[in-house]
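The values are calculated or read from the model by the stated rules, or taken from the named source; none is laboratory data. It should be emphasised that the depicted structure is a prediction, and the values quoted were computed from it without experimental measurement. Cβ: placed from backbone, ideal geometry, glycine included. Neighbour counts: every protein chain shown.
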Amino acid sequence: MSSRVVADGDASLAEVLKRLGMNVPKTDPQHCYLFSAEISDDLRRYHTDVHENLIAYVGGYDRYVHITYEVDGDNTEALAALDKFEYFYDNNGQQVEPSIDFVSDRRSCLSGFARGNQYDGYNEFSFCNQPNPLTDPMWEWDRKNFGSDVMMYNIINGWVHEYYHHVQKAHTLGRSLGMPADCCGGMNHTGSPAWFVEGQAQVFPTLFLREVFDDLKITKDLGLEGACAGDPQLAGNGPDQPLWERVAWQTNCNMTQKFESASKAIRGVAEDWDKCSGFSALEEMRETWTCAGHMEILNFYLAYLTSLETLFIDLHQDVWALGFDGALELHYGLTKEELYANFNQFMIDNPSPPEGFFPTQPLTDLVDFWSIESG
């Protein structure tokens, strides 16, 4: 566990974070994974497997804490570890007694905390605070309708998505990843719209899980190798579908179908429940977006215009200094408004993805995640 950082001199926050290597991918990052004693061996094994794959793939970034717990379980070791991080402070800045109820009241993934409640930017951690999704009452409908095996892939997709948010944050070097009008404070926002922050963190799991799918321990345990190969056309994820198809659907392997769904919405021929009629400034805020189910396709479109290297590396290298608008202008020559207009017309013109829209090569052949030099 890293020691508390005390900044002195005239160095800026970004300079200190760069000296600490916070924006540098590592093979041995400072991560802390915590579990209640009752968490099953399989869930722990799958968690380890996925995060080892993530670190080898996109790089390990320091100061990531993930707790999985039973509220009524034995959390002695997990609470002691969080106490060493000086986690237990209330909203008034007062230290409180460690308890799992305090942790549970703040459940969120991905959130954060600072040592001793001092949010100065130097001692902050990304925190995935997660009651066991295999028993949490909040996920009862999903467990009942998907079944435990499909549910486990849903959980894995969530782990990858949230860890990628941690990667995104590492490259803003103390700037808040979002819009100036976002809720919950933050400082010196990058102006990154919600459709980019969330949509890019959907593109990554889609491509990452497609590539590592056959090697995952859960896939081997269930004998599902090949279920995510290519770009399968799937009938759905209902209980009448075979397990491989429900898993492939839950893992977002059917990319063409997702494109076609977005195109239908923007062309105005989607089902009534899909209210998206095109991308606009509404999609920049979570409170106003209407196309949240299709923002992944807009990010794929950005990669289609240039490359996945631009989407995953170049934008992050420049967003700290230029903000999102400046990085978009530099690498695409577009304003957000021009991007929306171009994308909407593209989707109207293309009921199905044109050749080359989705990559056929492994993402690791197209993007060198270890080459990034942000800041």
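What the table shows:
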read-out: Of all residues making up segment 155-188, the number that are part of a loop (DSSP other than H, G, I, E, B) and either in contact (Cβ under 8 Å) with a residue 40 or more places away in the chain or of a type in the set (Ser, Thr, Tyr) (or both); value: 11
read-out: Residues satisfying the stated conditions in segment 20-54, i.e. under 19 Å from the mean Cα position of the chain (by Cα), in a loop (DSSP other than H, G, I, E, B) and not β-branched (Val, Ile, Thr); value: MET22, ASN23, PRO25, PRO29, GLN30
read-out: Single unsatisfied condition, LEU177 versus (1) farther than 18 Å from VAL50 by Cα; (2) out of contact with any Ser or Thr (no Cβ under 9 Å at 6 or more places or on another chain); (3) not assigned by TED's automatic domain parsing to the domain that holds ASP318; value: (2)
read-out: Segment 332-375 - residue that is part of a loop (DSSP other than H, G, I, E, B) and of a type in the set (S, T, N, Q) and, of those, surrounded by the most Cβ atoms within 10 Å (Cβ to Cβ); value: SER374
read-out: Residue among HIS161, HIS166 that alone is crowded, with 20+ Cβ neighbours inside 10 Å, modelled with pLDDT of 95 or more and in the same structural domain as ILE67 (by TED's automatic domain parsing); value: HIS166
read-out: First in segment 206-219 and over 13 Å from GLN250 (Cβ atoms), second anywhere and acidic (Asp, Glu) and outside any helix (DSSP H, G or I), Cβ under 8 Å, 6 or more apart; value: ASP214/GLU225
read-out: Within segment 133-169, considering residues that are over 20 Å from PHE113 (Cβ atoms) and hydroxyl-bearing (Ser, Thr, Tyr), the one nearest to the chain's Cα centre (by Cα); value: TYR153
read-out: Residue among ALA248, ALA229 that is farther than 12 Å from ASP149 by Cα, of a type in the set (A, V, I, L, M, F, W, C) and not assigned by TED's automatic domain parsing to the domain that holds THR48; value: ALA229
read-out: Qualifying residue in segment 70-85 (condition: among the polar types (S, T, N, Q), in contact with a Leu (Cβ under 9 Å, 6 or more places away or on another chain) and either in a loop (DSSP other than H, G, I, E, B) or surrounded by 12 or more Cβ atoms within 10 Å (Cβ to Cβ) (or both)); value: yes
read-out: Which listed residue is among the aliphatic types (A, V, I, L, M), more than 27 Å from GLU211 (Cα to Cα) and in contact with a Ser or Thr (Cβ under 7 Å, 6 or more places away or on another chain), from LEU282, LEU334, LEU322, LEU339; value: LEU282
read-out: Condition met for ASN53 (in contact with a helix residue (DSSP H, G or I) (Cβ under 8 Å, 6 or more places away or on another chain), touching a residue at least 40 places away in the same chain (Cβ under 8 Å) and not basic (Lys, Arg)); value: yes
read-out: Leading residue by the ranking (surrounded by the fewest Cβ atoms within 10 Å (Cβ to Cβ)) among those in segment 260-281 that are among the aliphatic types (A, V, I, L, M) and within 23 Å of the chain's Cα centre (by Cα); value: ALA281
read-out: Neighbours by Cβ (under 6 Å, 6+ apart or cross-chain): first from segment 14-28, of a type in the set (Lys, Arg); second modelled with pLDDT under 95; value: LYS18/GLY375
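Rundown of residues vs (1) at pLDDT below 95; (2) on the phi > 0 side of the Ramachandran plot, yes/no style:
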residue: ASN188; (1), (2): yes, yes
residue: ALA194; (1), (2): no, no
residue: LYS258; (1), (2): no, no
residue: ASP274; (1), (2): yes, no
